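The values are calculated or read from the model by the stated rules, or taken from the named source; none is laboratory data. Since this is a predicted model, take the numbers as computed values, not measurements. Glycine gets a Cβ as well: all are built from the backbone with ideal geometry, and neighbour counts include every protein chain shown.
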Amino acid sequence: MDLQLAGKTAIVTGSTAGIGLAIAERLAGEGVAVTITGRSQDKLDAAARQIQAKASGAGSVRAILADVATAPGAETLIAAVPDADILVNNLGIYEAKPFTDITDADWHHLFEVNVVSGARLARHYFPRMLAQNWGRIIFIASESGLIVPEEMIHYGATKTAQLAIARGLATQTVGTGVTVNSVMPGPTRSEGIVGFVKSVLPEAQSDEEAEKLFFEKMRPLSLIRRFIEADEIGAMVAFLASPLGAVTNGAAIRAEGGIVPTIA
């Protein structure tokens, strides 16, 4: 399917690995000129090579060394790329920690990275999208924004906040060609997910057992009972970013394998 994205420009934050990298790959493959961000030049260079190879000349990739979780990092990105058709706020962190152990610093850090970073970039790019009467902003949230996990309440709170920001911005797009949506992935296979699962399920003897126990004990409502693959989320985001996704606006799209009950 041609997503009609050729010639568009996109920024994907937190895009040197995992979901962000998969989104960048998918968009570049559709002919988009993609800007990726990260804090490590080596990782950025490796990601850019991978994206360019998979794009096979369809789109292009530009790597910007910037920590967009900070105001100076956001300024660096904005100075390098002042306009974009598509902004994917993917940057995010998580950790497992008992609620009573979550310090003020922990709360501030997770909100700065997961929430403020995306709001800061949207503050710049959203008005410019409205002025050109076309644009897409997509927040990569989580099912944890609806079903807050007891082992990382602060993370769940940041994901709920992302849903609120996206919906609030969407209400300001009435009658325009701009859409703002959230995508809520469930547990997605990445470099860190197995280590995270083993940290909360130390009895697991292998990666496979860790995955099995995680869905049995900690995400029993999952209907697919497996980690989501990053490129499955990439495909969803690419569609929402495209002209074909124009009628989806102000939505929180569930891509979590059935963890969230229909009534949620």
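Condition check ((1) among the aliphatic types (A, V, I, L, M); (2) assigned to a helix (DSSP H, G or I); (3) within 17 Å of Lys8 (Cβ to Cβ)) across all residues:
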| position | (1), (2), (3) |
| --- | --- |
| Ala69 | yes, no, no |
| Ala84 | yes, no, yes |
| Val88 | yes, no, yes |
| Gly92 | no, no, no |
| Glu95 | no, no, no |
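Here Arg123 does not fit the description of being closer than 24 Å to Lys8 by Cα, at pLDDT 95 or above, of a type outside the set (Gly, Ala, Ser) and surrounded by 16 or more Cβ atoms within 10 Å (Cβ to Cβ).
One residue alone among Leu44, Leu3 is among the aliphatic types (A, V, I, L, M), over 30 Å from Lys198 (Cβ atoms), surrounded by fewer than 23 Cβ atoms within 10 Å (Cβ to Cβ) and in contact with a Ser or Thr (Cβ under 8 Å, 6 or more places away or on another chain), and that residue is Leu3.
One residue stands out among those in the stretch 174-227 that are of a type in the set (Ser, Thr, Tyr) and over 18 Å from Pro149 (Cβ atoms): the one that is surrounded by the fewest Cβ atoms within 10 Å (Cβ to Cβ), which is Ser206. Would you be able to say whether some residue in the stretch 70-83 is touching a helix residue (DSSP H, G or I) at 6+ places or on another chain (Cβ under 6 Å) and buried (at least 24 other Cβ atoms within 10 Å of the Cβ)? No, the stretch 70-83 has no match at all. The helices (runs of 4 or more DSSP H) found wholly in the stretch 192-247 and carrying at least 3 residues that are modelled with pLDDT of 85 or more occupy 207-213, 230-241.
Cβ-Cβ contacts under 7 Å between residues 6 or more apart (or on different chains), taken from a first residue in the stretch 120-134 that is basic (Lys, Arg) to a second residue that is crowded, with 19+ Cβ neighbours inside 10 Å, are listed as Arg120/Ala74.
Confirm whether Ile86 is within 15 Å of the chain's Cα centre (by Cα) and surrounded by fewer than 15 Cβ atoms within 10 Å (Cβ to Cβ). Against the criterion (within 15 Å of the chain's Cα centre (by Cα) and surrounded by fewer than 15 Cβ atoms within 10 Å (Cβ to Cβ)), Ile86 does not qualify. Against the list (1) touching a Lys or Arg at 6+ places or on another chain (Cβ under 8 Å); (2) assigned by TED's automatic domain parsing to the domain that holds Ile86, the condition Glu211 fails is (2).
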